[in-house]
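Peer 1: Please see the structure below; I have some questions.
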Amino acid sequence: MRRKIVVFIIIIVCYLLQTTVFSIFRFASISPNLLIIVASAFGFMRGKKEGLWIGFFCGLLLDIWSGGVIGFYSLLYMYIGYFNGMFRKVFYPEDIKLPLLLIAGSDIACNMLIYLVMFLLRNRYHFNYYFLHLMLPELVYTMVMTIFLYFIILKINQRLEAIEKRSASKFV
Amino acid sequence: MKRKPKFMLPAKYVLLIMTGVCIAAMLICLMLNITGGPLNTVAGYVFVPMQKGINTVGSWAADKADHLKRLSDVMQDNEELQRQVDSLTAELNTIKLEQYELENLRELLELDQKYPSYDKVAANVIGKDGGNWFTNFTIDKGTDDGIETDMNVIAGSGLVGIVTDIGPNYAKVSAIINDTMSVSGMVTSTSDNLIVHGSLQQMNENMVIEFSNLNDKDHEVTVGDPVVTSYISDQYQQGILIGYISSMEMDANNLTKSGTITPAVDFEHIAEVLVILNKKQTAEE
């Protein structure tokens, strides 16, 4: 229960930051994608199932506020959480290379799919342009934010795991 | 005593089930043409206050300073000097804020006189769309202030977009520069109609949006001509400035022209908007 509340707060804070603060501090009219960091970080830290649920709720939040169809971003982020969960076995907290790589991959995959569904299907063929001017800057910005946000999420997760372990050992 | 092990569904089945749920939700949304419904209302009550909070840190700081001032009124003489400094600083801050507000309101008023025939309500932009692909934003007025979906939104000196979704205390606005948006426009000098459509690529590269289907046989339309919303548009009120033609060329069919329009609104820095409370009258009503 404690974990659910904490994760919920993390998602909300990241969403609010993304829509307010980072919308104001845009570099080249690009803002970072904080929710993808949350979804994929919890994916590879906690496994497929939790990644899936956290991804789903991140996406749902975006869906509700995008004013479009409910379910599109939910689906996308859910799969991102799930696939990141597959890397739990090779994840070590001290090593930042894997998280960076996974989050970068998630961000690119997410944007590719958005491009495919929302732009390519409407005859916007300039993939190079969208890649260079939208996906790549977002990727770089997101990577920079990952370095900060990842360690915060990691610390929170370790704290939660320590608390869970303590309360679990009490019952034995 | 051993606790019964809880039944756990494997992750892949959860994934399958949730995929089904998402797809069903998308289909329902598309078929019934709804977006969220009750979910939106709940989200509105949860998030709008928070977004407002973050966005009004400035005025909050001024409030706090006022509060301090009142507090120091109670604590008397020995902190007299400090109090004076505090209150003066606070006052200075408030005055600066008020001046800023005054300037903005004056701008709005000027705009108000340009479009005198419509009822309008002013609103603040409190949040932008999460991603980078579309330009949608949230404003802090909703049905409680008489706003409905499909109402036109203006700012500065021209058309911003249209209300696409609404809650009691917020409304979502889709900007005309969105890749998916199109507006029926008219060149004021010749009354020729054209279609304006947003373009992410053009907007990012040259800060312009595209137009097409301009029927101008006598080559009377020139670069720089203002384009306003057309009387045949079924969503937009007539005569709202969209922008100025920045380039133009003949289409391959040799009948119509297309080109680009520089929008009249600075979409990068929208803080206040006006929502026109009159909706375009359509035949069904």
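Peer 1: Between B:T256 and B:M207, what is 0.36 nm times their sequence separation minus the Cα-Cα distance? Round to one decimal in nm.
Peer 2: Length gained between B:T256 and B:M207: 15.3 nm.
Peer 1: What is the calculated FRET efficiency for B:S191 to B:K279, with r their C-beta to C-beta distance and R₀ = 22 Å, to the nearest 0.05?
Peer 2: Result of the calculation: an efficiency of 0.40.
Peer 1: Looking at this model, which pairs from B:K217/B:K279; A:K4/B:K141; B:K52/B:K96; A:K48/A:K170 are more than 29 angstrom apart at the alpha-carbon?
Peer 2: Where the Cα-Cα span goes over 29 Å, the pairs concerned are B:K217/B:K279; A:K4/B:K141.
Peer 1: Do any chymotrypsin sites (Phe, Trp or Tyr not before Pro) in the range A:1-106 lie in a loop, going by DSSP, with at most 13 other beta-carbon atoms within 10 Å of their beta carbon, and if so which?
Peer 2: A:F25
Peer 1: Computed FRET efficiency, Cβ-Cβ of A:S29 and B:M8, R0 41 Å: what is it to the nearest 0.05?
Peer 2: Calculated value: 0.35.
Peer 1: Each label point is 7 Å from the Cα along the Cα-to-Cβ direction; what then is the distance between the points at A:L101 and B:L81, in nm?
Peer 2: Output for this residue pair reads 6.4 nm.
Peer 1: Next up: Please compute the modelled spin-label separation between A:L160 and B:I232, points set 7 Å along Cα→Cβ, answer in nm with one decimal.
Peer 2: It is 5.7 nm.
Peer 1: Measure nothing fancy, just the Cα-based angle from helix A:72-85's long axis to the longest principal axis of chain A, in degrees from 0 to 90, nearest 10.
Peer 2: Here the helix axis deviates by roughly 50 degrees.
Peer 1: Here's something else I'd like to know. So what J values fall out for the range B:193-207 if you push phi through Karplus, 6.51 cos²θ - 1.76 cosθ + 1.60 with θ = phi - 60°, rounded to Hz, Gly and Pro as x?
Peer 2: Values per residue, Gly and Pro as x: 8, 8, 10, 9, 9, x, 8, 4, 5, 4, 5, 5, 7, 10, 6 Hz.
Peer 1: Right, another one. Where in the range A:124-172 are there chymotrypsin sites (Phe, Trp or Tyr not before Pro) that are in a DSSP coil and have at most 16 other Cβ atoms within 10 angstrom of their Cβ?
Peer 2: Those satisfying the criteria are A:Y125.
Peer 1: Right, something else. Taking amide H atoms as placed 1.01 Å from N in the peptide plane, list the residues 5 or more away in sequence, or in a different chain, whose amide H sits under 5 Å from that of B:I261.
Peer 2: Counting only residues 5 or more places away or on other chains, the set is B:I209, B:E210, B:F211, B:S246.
Peer 1: Could you work out the per residue convex hull volume over the alpha carbons of the protein assembly as shown, in cubic angstrom?
Peer 2: Measuring per residue, one finds 209 Å³ for the Cα hull of the protein assembly as shown.
Peer 1: Sticking with this structure for a sec: Could you tell me the calculated FRET efficiency between B:T94 and B:N124, based on Cβ-Cβ distance and R0 = 22 angstrom, to the nearest 0.05?
Peer 2: Taking R0 as 22 Å, the efficiency between B:T94 and B:N124 is 0.75.
Peer 1: Using the Karplus curve 6.51 cos²θ - 1.76 cosθ + 1.60 with θ = phi - 60°, what ³J(HN,Hα) values do you get for each residue of the range B:21-26, in whole Hz, with x for Gly and Pro?
Peer 2: Values, residue by residue: 4, 4, 5, 4, 4, 4 Hz.
Read-outs throughout are calculated quantities, based only on the coordinates presented, and are distinct from any laboratory measurement. The structure displayed is predicted, hence computed values, not measured ones. Neighbour counts run over all protein chains shown; Cβ positions are idealised from the backbone, glycine included.
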